[in-house]
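Report on the following structure.
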Amino acid sequence: MPEIQLPDGAIRSYVKPVTVLEVAADIHPKLAKRALAGDVSGNLVDVDYGIDSDQSVRIITADDSKGLEILRHSCAHLMAHAVKTLYPSAQVTIGPIIEDGFYYDFSYQPGFEEADLEKIEKKMYELASLKLPISRSTMLRDDAVELFRSSGENYKAEIIASIPEGEVISLYSQGEFTDLCRGPHVPSTGYLKAFRLTKLAGAYWRGDAKNEQLQRIYGTAWADKKDLK
């Protein structure tokens, strides 16, 4: 029977394992609707993360910095999803968060132009409106290498191959798009409501000028349209 300690020191007891989302709903239904992730004893996890032992839990929403970081990271995945939908031959590489936003590097031989950003952003909003569930799965390293290599994602396969053998790899999927990631992510694309793609730039694979030059697409994301403006 897990006992959950909340940030205000209150203790809630449960007769069976409970998810972060269920804890949020137990606190208040409105909090559950706003929950993006959870901090379980210092570890950031998805809202469907199961808790079966005594833990401290904080519900992460877009009101705090960690929530904004998760929104932005999920927007990076959304952008990669949109790019792969519009330009299937593009390969995805890395897509971290940065101050006030995110970027993703792509290998795309025809090359993107500034005019493409509007098309990609429009597709992102279309995918967001579908409210696609975002789910986490795990896979052994070698199996993950084969998965990405077989789908033509050679850069992702190279990244995974550099991880020690025997490691379990976490993947996140939304619709037909799957990406390598530690997470956590928002529960669905429907939580991504205020973002904009800002510019194109060049970047070398793994930051080495001897490697292929990629294209980097920058974006910004916020909790709502008011903050975006």
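For this structure, a couple of remarks:
- Cα-based shape type of region 1-47, given that a ≥ b ≥ c are square roots of the gyration tensor eigenvalues and the cut on a/c is 1.5: rounded
- Aspartates and glutamates with Cα under 18 Å of Lys210, excluding same-chain neighbours fewer than 8 positions away: Asp105, Glu158
- For region 152-229, alpha-carbon Rg relative to the globular expectation (2.2 N^0.38 Å, N residues): 1.39
- Solvent exposure of region 1-48 as accessible area per residue, Å², 1.4 Å probe: 58 Å²
- Working from label points 7 Å from Cα in the Cα-to-Cβ sense, the Leu31 to Ser129 distance is 3.4 nm.
- Diffusion coefficient, µm² s⁻¹, Stokes-Einstein with Kirkwood Rh over alpha-carbon pairs of the chain at 4 °C and 1.567 mPa s: 70 µm²/s
- Using C-alpha pairs below 8 Å separated by at least 6 residues, the relative contact order for region 1-81 is 31 percent.
- Carbon/sulfur fraction of accessible area - the chain, other protein chains in place, 1.4 Å, %: 49 percent
- Accessible area in square angstrom per residue, region 172-229, 1.4 angstrom probe: 53 Å²
- The Cα center of region 168-188 and the Cα center of region 73-111 differ in position by 14 Å.
- 27 Å tail of the calculated P(r), region 98-229, as % of Cα pairs: 27 percent
- Mean separation of Cα pairs under 8 Å and 6 or more residues apart, divided by the residue count, gives region 115-229 a relative contact order of 25 percent.
- Calculated Rg and Dmax of region 1-133 using C-alpha coordinates, Å: 18.5, 58
- Cα-based helix-to-principal-axis angle, 65-86 vs the chain, degrees rounded to 10: 40 degrees
The values are calculated or read from the model by the stated rules, or taken from the named source; none is laboratory data. Since the structure is predicted, the reported quantities are computational estimates derived from the model, not experimental observations. Note that each Cβ is placed from the backbone with ideal geometry, even for glycine, and that neighbours are counted across all protein chains shown. Heads up: the accessible areas ignore ligands, DNA and RNA and are worked out on the full protein's heavy atoms, side chains in. Shrake-Rupley method; radii C 1.70, N 1.55, O 1.52, S 1.80 Å.
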